[in-house]
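Colleague: Got a structure for you, written out below as structure tokens; questions coming shortly.
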């Protein structure tokens, strides 16, 4: 069936619909990974977004039961050059088309993704939509829609109850779930007992659980959304003097806001598994998925030391407080997908809690 991807500037891409036959609106973004499409599709940080893949063939190794980063597909729509209907891999159980169909997510293939990504790089991410209906009517809906970031997207993907994961470890971490990837729980579970918390868990509840440290996960949306500032950021501010803390991606931004720094929206964000950063005199290739960044001037004024920078555009990729045992990184040391070169940061957090 014929399908259309329409951008808010009026650009129309015609292709073939796959996945669910459904019209969807969202923010159109792109990712540059050659592999890891299943992990990206199920990453809650993509909530509210229509994801375009830069790699031209998607689905060639199918879909397995191992690489899910959450219980369902989290993107709102998927855009590819070509889908593979006959995947080849020993662990594959289904196709990319079937995965999207089972999750009610529409996709479109057969479009010039290079042209699309060049437009997004030149003009920035845009509102857009996928449909099998009239593209002119779809354009009217897109131009009249609220941007997904105006909503608190974290509330859509955070756990709704406290979940205890007792691994028999000597230390326990309270994990603020802002839309976390399962690989983060796996990394933490190798080192700590983990208490998974809703994003808006109040201070008194956290203290009553008596954790040894606090971890803040990745997640979607604008970190400075008023609901996030009034809940997670405010709660962390009340706890910062008493607990070591570590944050990843959105967690990095929330910790920075807690200290009084500012965040801003990037033109087209960092999404992929090949982002170079400089940390302690070495270069690491990192996995990233974010559309906002921390303002470096306001971070330093807030008493934060910038520890990691992006070598492509110089943006802030990591920070630590000059006095308190608190640090964070913008990239994903747990990877999945992507290189796992910075997994040692979880060990640093463990040593911080142990006082070594």
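The values are calculated or read from the model by the stated rules, or taken from the named source; none is laboratory data. Keep in mind that what you see is a predicted model, and the values were worked out from it rather than measured. Positions of Cβ are generated from backbone atoms using ideal geometry, with glycine treated the same way; all protein chains shown enter the neighbour counts.
Colleague: Just to be sure before I move on: is residue 167 at pLDDT below 95 and touching a helix residue (DSSP H, G or I) at 6+ places or on another chain (Cβ under 8 Å) in the structure I sent?
Modeller: Numbers: at pLDDT below 95: yes; touching a helix residue (DSSP H, G or I) at 6+ places or on another chain (Cβ under 8 Å): yes.
Judged against the criteria, residue 167 is a match.
Colleague: Within segment 243-356, considering only helices (runs of 4 or more DSSP H) that don't extend past its boundaries, which have at least 3 residues that are outside the structural domain of residue 40 (by TED's automatic domain parsing) and touching a residue at least 40 places away in the same chain (Cβ under 8 Å)? Even if it seems obvious, please write down each step before you answer.
Modeller: Details: elements: 250-258, 296-301, 344-354.
Correct list: 250-258, 344-354.
Colleague: Please tell me if residue 287 is buried (at least 17 other Cβ atoms within 10 Å of the Cβ) and more than 21 Å from residue 125 (Cα to Cα).
Modeller: Details: buried (at least 17 other Cβ atoms within 10 Å of the Cβ): yes; more than 21 Å from residue 125 (Cα to Cα): no.
Taking the combined requirement at face value, the residue does not satisfy it.
Colleague: Okay, next question. Any idea which of (1) under 27 Å from residue 212 (Cβ atoms); (2) surrounded by fewer than 22 Cβ atoms within 10 Å (Cβ to Cβ) is the one residue 300 doesn't satisfy?
Modeller: The single condition residue 300 does not satisfy is (1).
Colleague: Can you list the strands (runs of 3 or more DSSP E) lying wholly within segment 126-216 that have 1 or more residues being over 29 Å from residue 28 (Cβ atoms)? Steps first, please.
Modeller: Numbers: elements: 126-131, 163-165, 172-177, 193-198, 213-216.
Hits in segment 126-216: 163-165, 172-177, 193-198, 213-216.
Yes/no per residue for (1) more than 22 Å from residue 36 (Cβ to Cβ); (2) touching a strand residue (DSSP E or B) at 6+ places or on another chain (Cβ under 6 Å):
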{"site": "273", "(1), (2)": "no, yes"}
{"site": "284", "(1), (2)": "no, yes"}
{"site": "311", "(1), (2)": "no, yes"}
{"site": "322", "(1), (2)": "yes, yes"}
{"site": "325", "(1), (2)": "yes, no"}
{"site": "328", "(1), (2)": "yes, yes"}
{"site": "331", "(1), (2)": "no, yes"}
